[in-house]
Structures are given as structure tokens and as C-alpha cells.
Amino acid sequence: MFVPLEYRSFWGALIIYSDPGTLGLFFSGAIILLERNQQLLTYMFVTPVTLRTFLASKIISLFLIGLLTSVLIASVSLNTTFSLIQLTIAVMLCSVFLHAVV
């Protein structure tokens, strides 16, 4: 499907920022179910890893997955140049807000 040039930036931004969010929700749900089935939280109380470190590692790993998919979508679908720094900051904020709430 061809998207006209005047609508490409709007639809590109919508797809780029909704994909990491949706992907993050699915991954977060799967991680929560997996941790629940493996009773990971009961084992967390006897390890030296703090809860803050545990949550930060989850947010960082899901941010990297979201960033990779966003860069791939932006480079393939937009066919224009884009700022990697701005894209990284936007995806980071989207991932942190989304995964910190979940």
C-alpha cells in the first residue's frame, strides 16, 4: 500500500511509537506470567539483587527491543532521513512510561 508523501510523516510516527508500546505490553504480560509460574518473586527475596535493579533491568531490556524495532520501521517505511537521537529519546520515554506503569 502506498502512502502519499503528505501523510507519510503522520502515519510513520503513529506506527513507530505504537509498535514499541504494543510490543512492550505483550512482552511485559508474558514476563509477568512467566515470573509468576516460576515463582521468581519468592526467590528475589533471598538474592542480593534489589527490586530497583531488577525493575531497571526489565525496563532497559524492553527499551532496547523497542528501539531496535523503531529504527527498523523508521528506516524501512519512511524513506527519509530521521534523527536517531530524537528517535532514541522518544522511544526511551515511551518505554519508561509504559513499562514503569505496568
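Take the Cα coordinates of region 5-102, assign each an equal point scatterer, and use the Debye formula without solvent to give log10 I(q)/I(0) at q = 0.13, 0.23 Å⁻¹.
The Cα Debye sum returns log10 ratios of -0.52, -1.15.
So how compact is region 36-78: Cα radius of gyration and Dmax in angstrom?
Just the Cα atoms of region 36-78 yield Rg and Dmax of 15.7, 48 Å.
How much length is gained on full extension from W11 to I89, taking 0.36 nm per residue of separation minus their Cα-Cα distance? Display every interim value, and only then the final one.
Values: separation 78, 0.36 × 78 = 28.08 nm, distance 1.91 nm.
Gain on extension, W11 to I89, equals 26.2 nm.
So, by mean Cβ neighbours within 10 angstrom, what's the order for 14-21, 28-35, 43-50 with the highest one leading?
Numbers: 14-21: 16.6, 28-35: 12.8, 43-50: 8.9.
Ranked from most to least packed, the peptides come out as 14-21, 28-35, 43-50.
Only helical DSSP H runs with n ≥ 4 go in: add -39500 (n - 2.57) per run for the chain, normalise by residue count and round the 222 nm mean residue ellipticity to 500 deg cm²/dmol.
On the way: 4 runs with 83 residues, N = 102.
Calculated from helices alone, the mean residue ellipticity at 222 nm is -28000 deg cm²/dmol.
Quick check: residue separation of N37 and F54 times 0.36 nm, minus the Cα distance between them. What number comes out in nm? If you can, show how the numbers build up before the last one.
Working: separation 17, 0.36 × 17 = 6.12 nm, distance 1.76 nm.
Result for the pair: 4.4 nm of gain on full extension.
Around L41, what is the net charge, scoring Lys/Arg as +1 and Asp/Glu as -1 over all other residues with Cβ under 14 Å from its Cβ?
On the way: positive: R36, K58; negative: E35.
After counting each charged neighbour, the total is +1.
Rounding to the nearest 10 and keeping the result within 0 to 90°, find how far the Cα-based axis of helix 84-101 lies from the longest principal axis of the chain.
40 degrees
For region 13-27, in order, what is each residue's ³J(HN,Hα) by Karplus, 6.51 cos²θ - 1.76 cosθ + 1.60 with θ = phi - 60°, in whole Hz (x at glycine and Pro)?
Each residue of region 13-27 in turn: 5, 4, 6, 5, 8, 7, 5, x, x, 5, 4, x, 5, 5, 5 Hz.
Can you compute 3J(HN,Hα) from phi for each residue in region 55-61, using the Karplus curve 6.51 cos²θ - 1.76 cosθ + 1.60 with θ = phi - 60°, rounded to whole Hz and x for Gly and Pro?
5, 5, 5, 5, 5, 5, 5
Each value in this text was obtained by applying a stated rule to the coordinates, not by laboratory testing. All values derive from a computational prediction rather than experimental measurement. FYI the Cβ positions are ideal-geometry reconstructions off the backbone, even for glycines, and counts take in every protein chain you see.
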